[in-house]
Each structure stands twice: as structure tokens, then as C-alpha cells.
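These notes concern the structure reproduced below.
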Amino acid sequence: MSSPEIASLSWGQMKVKGCSTTYKDCKVWPGGSRTWDWRETGTNHSPGVQPADLEEVVKKGVKTIVIGRGMSEALQVPASTVEYLKKNGIDVLVLQTEKAVAEYNALAAQGVKVGGVFHSTC
């Protein structure tokens, strides 16, 4: 199963190919995507992305996770979150969201089992 292409990104809006939903923040993995609702894990810009935000994507068997920190990189990614991914044998890229989407799409196009979490504002 391949990772779906992120078809478009603009401030506050993301579209995933093959999905009719418009996301503000989203999670993607081979074969699927859904809204990334920060309230599920109590995530805020600081301290930022927690392992709990990534568990669902990790369980999909990804080899790489791309984290989009927002258009202005306001979303933090603590070292403990990166360590969590590395301990699970997953490569991690932490980038500004436009760059993160481009990198994610490039990896998906190469057939890499890539997942991601993307913040589309600040």
C-alpha cells in the first residue's frame, strides 16, 4: 500500500489525493489519512509534537515520518519525540510545513513507506 500524495497546501488547508476532506492539520500513512486533532493528546505549540501524536502513524509500519512544524515553524518538536521515533527504527525529518510536504511527496513517489503529521498554520 502506498502513501497518498498531498495534493495541495495553503494556510489552514491541506488536501490529500483520493480524500474528499479538507484538513487544517493532518496525519498521513500508507493507505490513509485523517484529521490531526491536537485535543486528542493535549498538544500545543509548546512543548509541541508528542510521541502520542505519532503512535497511530508508527503502528502503520512506516519507515520514515515527516513532521511539518507549521508555515512559520511555531510548532515545537522536542528531542524526546525524535528519540521515540529513532528507538522504533523510524527515520524522522522535521521541517517547515511547505518543505515537509515536498519531502513527504518525494518520498511517497519513490515508494517509501512514509507517514507524516502536518500543521498548516503558524
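The values are calculated or read from the model by the stated rules, or taken from the named source; none is laboratory data. Only a predicted model underlies this, so the values are computations on that prediction, with no experimental measurement involved. Note that we place each Cβ from the backbone using ideal geometry, even for glycine, and neighbour counts take in every protein chain shown. Each accessible area value is taken on the protein alone, full model and side chains, heavy atoms only, with ligands, DNA and RNA left out. Shrake-Rupley method; radii C 1.70, N 1.55, O 1.52, S 1.80 Å.
The requirement of being within 22 Å of K113 (Cα to Cα) and touching a residue at least 60 places away in the same chain (Cβ under 8 Å) is satisfied by M14. Would you mind telling me which numbered condition in (1) of a type in the set (K, R); (2) part of a strand (DSSP E or B); (3) open to solvent by 10 Å² or more (accessible area, probe 1.4 Å) K27 fails? Answer for K27: the failing condition is (3). Looking at V112, is it closer than 13 Å to W29 by Cα, touching a Phe, Trp or Tyr at 6+ places or on another chain (Cβ under 9 Å) and either open to solvent by 10 Å² or more (accessible area, probe 1.4 Å) or at pLDDT 95 or above (or both)? Considered against the rule, which asks whether it is closer than 13 Å to W29 by Cα, touching a Phe, Trp or Tyr at 6+ places or on another chain (Cβ under 9 Å) and either open to solvent by 10 Å² or more (accessible area, probe 1.4 Å) or at pLDDT 95 or above (or both), V112 comes out as no.
Give the residues of the stretch 31-90 that are of a type in the set (S, T, N, Q), crowded, with 18+ Cβ neighbours inside 10 Å and under 24 Å from M1 (Cβ atoms), sorted by residue number.
Of all residues in the stretch 31-90, those of a type in the set (S, T, N, Q) come to 33, 35, 41, 43-44, 46, 50, 64, 72, 76, 80-81, 88.
If we keep only those that are crowded, with 18+ Cβ neighbours inside 10 Å too, we end up with 33, 43, 50, 64, 81.
S33, T64, listed by residue number.
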